[in-house]
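Structure, as C-alpha cells:
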Amino acid sequence: MRITCPHCGNRGLEEFTYTQDAERTRPTDGGATPTPEWADYIYLRDNLKGPRKEYWYHSAGCHAWLIVERDVSTHEILSVRLP
Amino acid sequence: MRYSAFSVLTQALRGHTGWKPAWRKAAPAPSYDVIVIGGGGGGLATAYYLAKNHPEVGRIALLEKGWLGGGNIGRNTTIIRSNYMLPGNEPFYEFSMKLWEGLEQDFNYNAMVSQRGIYNLYHSDAQRDAYARRGNSMLLHGADAQLLDRAQLRRELPYLNYDNARFPVQGALVQRRAGTARHDAVAWGYARGADQRGVDIIENCEVLGILQEDGKAVGVETTRGVIRAGKIGMAVAGASSLLAAKAGLRLPIESHALQAFVSEGLKPLIDTVITFGAGHFYISQSDKGGLVFGGDIDGYNSYAQRGNLPVIEDVCEGGMALMPMIGRARLLRSWGGLMDMSMDGSPIIDKTPVENLFINAGWCYGGFKATPASGFCFAHLIARGAPHEVAGAYRLARFAEGKLIDEKGVGAQPNLH
Amino acid sequence: MTGFRLAQGGLVDRASPVKFHFDGKAYTGFAGDTLASALLASGVKLVGRSFKYHLPRGVFASGSEEPNALVELRAGAWREPNTRATMAEIFEGLEAASQNRGPSLKYDPLAVNNLLSPFLSAGFYYKTFMWPASFWEKLYEPMIRRAAGLGRNAGLPDPDIYEKTTEFCDVLVIGAGAEGIEAATQAAATGQRVILCDENAPLVPIDLPAGVEFLARTTVFGVYDGGTYAALQRLTDHLPSSNAPRQRLVRIVAGRSVLATGALERPIAFGNNDLPGVMLSRAVGDYVTRYGVAPGRNILLYLNNDDAAGLIPVLHQAGVNIAGVVDARPASSDVVHEAARAANAPVYAGAAIIRATGWQGVSGAKIRLAKGGDLALPCDIIAVSGGFNPNLALTSHFDGKPVWDAAIAAFVPGSLPPCMSVVGKAAGQGLNANIQPVFHSGFFPGKSFLDLQNDVTVKDVKLAEQEGFAAVEHLKRYTTLGMATDQGKTSNVNAIGVLAQTLGKGIGETGTTRFRPPYVPVAIGALAGAHTGKEFKPTRLTPTHEWAAGLGAVFVETGLWLRAQYFPKPGEDWLAAAQREVNAVRNAVGICDVTTLGKIDIQGPDAAIFLERVYTNSWANLPVGKVRYGLMLREDGFVMDDGTTARLGETHFVMTTTTANAARVMQHLEFCAQVIWKELDVSLISVTDQWGQIAVAGPKSAATLAKIVDSPFDLSDEAFPYMACMELTVCGGVPARLFRISFSGERAYELAVPSRQADALARALMQAGAEFGIAPYGTEALGIMRIEKGHPAGPELNGQTSAHDLGMGKLLSKKKEFIGRAMAARPALTAPIRQTLVGLRPVNPQDIIRAGSHLLPVGAPAVAASDQGHVTSAARSPTLGSIALALLENGPARHGETLRVYDPLRGGDFTAIVTHPVHLDPEGHRLHA
Ligand SMILES: Cc1cc2nc3c(=O)[nH]c(=O)nc-3n(C[C@H](O)[C@H](O)[C@H](O)COP(=O)(O)OP(=O)(O)OC[C@H]3O[C@@H](n4cnc5c(N)ncnc54)[C@H](O)[C@@H]3O)c2cc1C
Ligand SMILES: [Zn+2]
C-alpha cells in the first residue's frame, strides 16, 4: 500500500500508522459523565466493507495526521487529505 | 465408521472402498431449533457440543457460506496454549487446554494435538517480572508454568541467538502442556462428530440477513433460501461486524489482516513453539517439516485476506534476529486471515440485544486454541441461556462498563492488541 | 557423444569445463550448465527421493517448477536444502547431495513406505494413532516427522549477507522471453522507465534499448498493494561461497506491469510416472537446445497437443532416436504425423501409456493401443506433454481467480491486480494447438502420480472425493496436493482435471485454488535483509554514552535506548554498585543521564489550553518558571502516561514523558492538536534528541550545580524553589534549562543542554561534585529510589490501571474538559474491589519480595479465587531492605495488614505487611534538604 501524504508525496506503507476509523464523531465534553455516546464512540465500530475514512499518522515522516479514504476490501486508496 | 488402526487396516485390504464422506452434504430444511452460523472452529465446535451435551435443544443446523473450514480455522498457525494472565481469561483457556487433551478420543479423529510446549522469551527484567506475574497466575488457575533463566533455556534451545543479539535472550516462560494441533483436522473432526450426532452441516450457504419479528430473531435469509430457527448463534470471526450489521448491531470489533508463513519442508529442527519477546515473531515446525511462523497483524482494517510486504519483512527480521540458522530456509507460502480484533483483545460469548440471537466473536489472533472451549461455552449459553462459568467475563456490556480484559493494556485500539 | 552430452549444440560454453561433486562423486560440466543439465549430461538419472514413499526420482523439468530434483547445495553452514537442481548454475567446486534418503540414494530403507502404501492412503493419519493418547508426542509424531521433511537445515547461523533496495519505474515487465522483450522495448520507445526481470540468466546476451533496466536471475515473487512488487535477485548463488551479498530483495514500485511469464507444461499421469526418466517434453527440448544434452538415447513421446510435437525435429536433428509418439488424441494430427514421418518415428494415435517400466529408471513403457491390445516399447526417457498452463500465478495474488478456457483446455487469468496486463502465452495466447485434455491415462497398474514431490496419486484424489473432500481447497488440504516446494506448478491442474472427471463436472465448475505469494520459495534471510544480529533494530545512545562507558558502566536495553544500568567498582556486583549509588545520592550527590525521557516542546497562544485538555489536572494557572507533575489519560479513561511539564514562557512549555511512551504520547498529542482541537493554535515538536538531560540529585546537588552555573543565575531556595525552572547558561556560556524536580525524593535538579554538550556537562559535573563524593548512578539505583518513593513507573502504568488505582484520583480535575474525563468516571474504574497501589515490606527481613509474586490472604488456599493482587515492582533498598510496590484489591484500606506473598513459579511463599506506597520520607523533607 502506498499513501500520498499532502506534505511528503507518495510513500510506502511502512512509514504510516493506522489508528482508527474517521467515520465517528467524537462527542463534545459532557462533564464527568460516562454517557452511552462516549461508550459507543470509544468501543463500537461500523467495520463494514468498501470505502472507509480512516485516520493514518505519517509517523516516520512529517507527523501529519491524514484522513485516508480507503477501500478496506481491496486496499485501494481513494483519497488523502488533512483533517 | 469408527476410525481406528483396525479400520484403516481392513480398508487398506479392501482398496479403501468402504470409507464414507466425513460429513453428509446436507441440504437446508425449512426450520431448525438452533442455527449456528459459521463453519469455522468456533461454529463447528458449538454445533458438536450442542448435539453432544445438550441434545434437548432439538434439531441443529450449521451454515457455512463457503467450504467448511475455509476461514481462520484453516489459516492459523495452530498454536494451543493456556498462558494467560488475567482472571477473566485464564480459566477459560485452561478449560480449553483440558478439552484439547481429550479431544481426539472424544471426537474420534486424530487432530494431531501435540503438547510440545511453548517458550515465551523474555529479554529484560521488566519482561521477566511480567511473565512471573503471568506464570504465577497460571499456576493459581491450575495450569502449568515454568520460568527458565538464560542458562536453563540455553540448555533446552541451544540454537537461539544468545551471543550476538540486539536484545539478549534472558530466559523464558514455558508452558509444557501447550503445543500445536492440526488445524484442518480440528474442523473436520468436529464436523464429522457433529454430523454423526445429527447436525445438518450446510456448506455454500451464506447468511444474508437475520429475520426478526417483535425484536426477536426468528430465522435467517440465506443464499439457499429462508431458514427459520428458534435460536441463532453467530460464530463468524472476521465477518462478525458484517453479520451483526444485518441484525442492526454494531460491535466492539475491527477486522484486520494477519499473515502467516510456512517454509519448505525440513528434517526435524525445532521441536517446540517459540515466541520472540523483542520482536514480532513466533515459530514451530509442522509434522510435514515446514517451519510455520508469523508475527504481528498488518495493522489496518481489511477484508482482503492478504497482507503486505512490510510485515513479511518485519517477521523475517525477527526470525533471523532470534534464530539465524533459518536464513537459508525458504519461505514457501504466505497467506492472510481476517481477524476479529476486539477492543480489549479478549473475546465475546454472549447474548445480543436481539432476543434469541447469540454472539461468539472477538477472537483476535488467538481463537484457535480456544476452539474447544469456545464451542463448549457457546453451546452452553445457547442451550441454557446463561453463561458457562469459565466464560462469564466475556460479556458485550463489559466494554461500556469498563470491565475490560485487556492483557496487553493498550486500550480500545484493536491493532495494538 | 560422451555420456549424454551431444557432440554439438546448446548454449553452454564448451571451452570452460566446470568440476563439481554430487553425493561425493566428481563430475564435470560446462559453464552455463545447471546442476540438472550437468548431471543429465553425465548420465545421472536418480537424483532424489520423494516425500512420503521415498521413491527414487529424477529430473522432471528444466525450470523453477521442478518437483523432483531437489538437492542440498553447498556444505557446512552454507548448506542449503531443497535447492532445485534445475535452477542451480554450476560453478567450480560446487558440492551437492541428494536428500530425504537413507544412507545412500540407491538403497533407502524408508522406501518400505511404498510397500506400506495401501495403509498410507490420503489422510490415513487422521484416522489412527489416537491410542493411547500419550503416544502421539512420544512415538507416532517423531516417527512421522523424521520420515517427512525434505532436506536438512545446517543448524548453524546463515553466514551470508543479504541486501534490500527499492526501485521505481513506469513499467515492470516480468519475463524476458520474446514477448517480454517486445513489451519492454515498446514501453521504452515511448520514454517510459522500464525494469525487465527474468528468473534466469540469459545464455546469450539480450539486446535492449536504453531506458530498460534488465535484472537477470531476478524472480518477481509477489504482487502487493499500491503497485509494489517483490522480487528476489540472486547475486552470487551461481558463484562459490564468498563475502559478497548472496541475494537482494528488490521492492519494485511500478506504475504498471506486464506479465510475460509464458506457460508451464503439465504432464499426463500414468502408472509409475514417477520413475526417473519421465520428463516434461519441453524440458527434454530445453536440455537439448540450451545445454546440448540429450537426457536419453531412445525417447518416447506422450502427448495430447501439437505444441509438444516441436520436440520431434529437435530430437531428430540432435540424432536422438525417437522410440515413438503416443498421441492420446484418437486421430493424432497432421502436425504430429508429419514431424514423426520426417523423424522415422511411429505414431500411436489414440493410444495411452499404461505404465512405465524399469527399476530406478525408465527402461520401457507399456501402451494400450487405440484398437485394443498392449504394446511394450523400450525407451530410456518418456517425454510427456499434457498441454501448457499459462504461468499466471502472479495474476491471482490479489483476488483474481483463474478462469477455465475450454478452447485451449487451460486456466487463463481472471481479474487482474490493478495496472497489470498479461501478454502472450501467460495470457493463453498461442497455446495448446489441437489439444484434447487428458490428465490421466486412465489405467491403474502401479501408482499414477499427480503431485510428484508430495506423492499424491490419482487414487488419493478419488479417495478424497469419496470421503467428501471434493471442494478443491479440501482436496488440497486433505491430500497435501500442491503444497510441496513446487507449489503444485505441475500438478494442480491435473488434479482438478481428475477431480472434475470423478465428480462428472466441468473443470470450470470444479474450481481452482488461488496462488499465494511467493511465486517461488524465497530464503528467509533475504526477506530479513541486513536487520539481523545487533542490527536487528537501531540502537539509540544517550549523549553521555562515551562518558559512562569510560567509567565502566554496564548498559541495559531500554526500548531502543542503551542506558547505563550501574557503574560497578572493582569487586562490586550489580546490587552492591546500585546500593552504593543510592547511598551517594541520599547522602551526597549523584548524576544520571535522563535524556531518554520523551521531551516535547509545546508552543503557541493556546499552549496552556492544550495542556489543560490533555492532562487531567489544571495547567492554566501554572506560572512561568514553574514545573508541574501531570497525569494523562487515554480516551477510555485509563492512565496513559505521566511526567512533568515546565512553563518556560507564557506560550512555551516543555513536556516530559516516560521513556517507554515517548512516541505514543507524541502521536496522541499530534492527534489532539491536528484532529480533535484543530482550532487551537499550538505547535508540537519532539526534542528528545536535541536536549541531553542530566539529573543531579542529593543533598549536595545545589552545591555541585552552583560551581558550574554561570553568574548571575541564582540557585538559592528563595530564587529557585522546588518545582522551579529557568533558562540559563552553564560552564561559561552553554545554554541550558534547569528544572528543580526530583524522582529520587532528594533535593534534585535536572539540567538540559544541547545534546552535543551533554558529555562535557557530565564531566564538568563530576569534577564539580568531586569534593562532595559525587557518584554517577544508573537505572538500577534510579529504580530503587523511585520504589522507595512510591512513584509509579512502567509496571504500574501498565495500561490497565486507572488514576484511582494509582492513588491519583484527586488529580482528575472537576472543573474542566480533558481527555478521558467521561470514561474515567465509570464506576468500574473506581470500585473499591479494584487493585490499587500499596507498598509492601516482608515480615521477616530475610525474605526478598520479587515482582510478579501474587498476594493472597494469609491462610487462604493457593487458588485463583484467593488471588487479590500482585507485586508490580520490587527493590533492595540499602536502608530499608526488601521493599515493593503492589496492586492490591481495596489497597488503601488495608495498610498494616499481613498478606501472603506467593510466587510458586520461583518457590517464594512468605508474608509481608501492606504499607503506604511511599516507603521513604513521606512528608518530603528531603526535597528541601
Ligand atoms: C494467520 C493466522 C494465524 C493464527 N494463529 C493462531 C494461533 O497460532 N493460535 C490461535 O489460537 N489462534 C490463531 N489464529 C486465530 C484463529 O485462527 C481464529 O481466532 C479462529 O479460528 C476464529 O474462529 P473460527 O475458527 O470460528 O473462525 P473462522 O474459521 O474464520 O470461521 C468463521 C466462518 O464463518 C463463515 N462465515 C462468515 N460470514 C458468514 C455468513 N454470513 N454466513 C455463513 N457463514 C459465514 C466464514 O466463511 C468462516 O468459515 C490465527 C489466525 C490467523 C489468520
Ligand atoms: Zn508526510
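The values are calculated or read from the model by the stated rules, or taken from the named source; none is laboratory data. Because the structure is a prediction, the values reported are computed rather than measured. Glycine also receives a Cβ, built like all others from the backbone with ideal geometry; neighbour counts cover every protein chain displayed.
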Give the number of residues within the range B:172-209 that are closer than 17 Å to residue B:39 by Cα, of a type in the set (Val, Ile, Thr) and within 14 Å of ligand 1 (Cβ to nearest atom). 4
If I filter the range C:517-558 down to residues being within 12 Å of chain B (Cβ to nearest Cβ) and surrounded by fewer than 16 Cβ atoms within 10 Å (Cβ to Cβ), which single residue comes out as farthest from residue C:218 (Cα to Cα)? C:539
Given the residues B:172, B:132, B:185, which is the only one that is more than 7 Å from every other protein chain (Cβ to nearest Cβ) and either at pLDDT 95 or above or closer than 30 Å to residue B:320 by Cβ (or both)? B:172
Among strands (runs of 3 or more DSSP E) completely within the range B:291-397, the ones holding 2 or more residues that are closer than 30 Å to residue B:166 by Cα and touching a strand residue (DSSP E or B) at 6+ places or on another chain (Cβ under 9 Å) are B:330-342
State whether one or more residues within the range C:502-516 are facing another protein chain (nearest Cβ under 9 Å), surrounded by fewer than 24 Cβ atoms within 10 Å (Cβ to Cβ), outside any helix (DSSP H, G or I) and in contact (Cβ under 8 Å) with a residue 24 or more places away in the chain. yes
Among the residues of the range C:831-840, is there at least one that is touching a helix residue (DSSP H, G or I) at 6+ places or on another chain (Cβ under 9 Å) and part of a loop (DSSP other than H, G, I, E, B)? yes
Return a yes/no flag: does the range C:122-130 have any residue that is assigned to a loop (DSSP other than H, G, I, E, B), more than 7 Å from chain B (Cβ to nearest Cβ) and out of contact with any His (no Cβ under 8 Å at 6 or more places or on another chain). yes
If the requirement is being near ligand 1 (Cβ under 9 Å from one of its atoms), within 14 Å of chain A (Cβ to nearest Cβ), under 21 Å from residue B:186 (Cα atoms) and modelled with pLDDT of 95 or more, which of these qualifies: B:336, B:375, B:367? B:336
Please verify whether residue C:45 is within 30 Å of the chain's Cα centre (by Cα), among the charged types (D, E, K, R) and in a loop (DSSP other than H, G, I, E, B), treating the condition exactly as stated. no
Need the failing condition index for residue C:658 against (1) buried (at least 20 other Cβ atoms within 10 Å of the Cβ); (2) polar (S, T, N, Q); (3) within 14 Å of another protein chain (Cβ to nearest Cβ), just the number. (1)
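Residue-wise test of (1) surrounded by fewer than 15 Cβ atoms within 10 Å (Cβ to Cβ); (2) in contact (Cβ under 8 Å) with a residue 24 or more places away in the chain; (3) under 16 Å from residue B:343 (Cβ atoms).
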site	(1), (2), (3)
A:8	yes, yes, no
A:17	no, yes, no
A:34	no, no, yes
A:67	no, yes, no
Go through the range A:42-78 and count every residue that is of a type outside the set (Lys, Arg), out of contact with any Pro (no Cβ under 9 Å at 6 or more places or on another chain) and part of a strand (DSSP E or B). 6
Please specify each residue of the range C:445-467 satisfying the condition of being among the small types (Gly, Ala, Ser) and closer than 16 Å to residue C:124 by Cβ. C:464
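Residues C:641, C:689: which one is closer than 21 Å to residue C:593 by Cβ, in a loop (DSSP other than H, G, I, E, B) and within 39 Å of the chain's Cα centre (by Cα)?
Sole residue among the options that is closer than 21 Å to residue C:593 by Cβ, in a loop (DSSP other than H, G, I, E, B) and within 39 Å of the chain's Cα centre (by Cα): C:689.
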Tell me which residues, restricted to the range C:506-538, are basic (Lys, Arg) and modelled with pLDDT of 95 or more. C:534, C:537
Restricting attention to the range A:2-12, does a residue exist that is more than 12 Å from ligand 2 (Cβ to nearest atom) and in contact with a Leu (Cβ under 8 Å, 6 or more places away or on another chain)? yes
By residue number, the members of the range C:20-41 that are more than 15 Å from residue C:320 (Cα to Cα) and more than 37 Å from the chain's Cα centre (by Cα) are C:25, C:26, C:27, C:28, C:29, C:30
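Within the range B:322-332, can one find any residue that is within 12 Å of ligand 1 (Cβ to nearest atom), outside the structural domain of residue B:238 (by TED's automatic domain parsing) and closer than 30 Å to residue B:153 by Cα?
The answer is no; no qualifying residue exists.
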Count of the range B:310-333 residues which are more than 7 Å from chain C (Cβ to nearest Cβ) and among the acidic types (Asp, Glu): 1
Starting from the range C:523-551, keep only residues that are touching a residue at least 12 places away in the same chain (Cβ under 8 Å), then list their pairs with residues that are of a type in the set (Ser, Thr, Tyr) and in a helix (DSSP H, G or I) whose Cβ atoms are within a distance under 7 Å, requiring at least 6 positions of separation or different chains. C:543/C:755
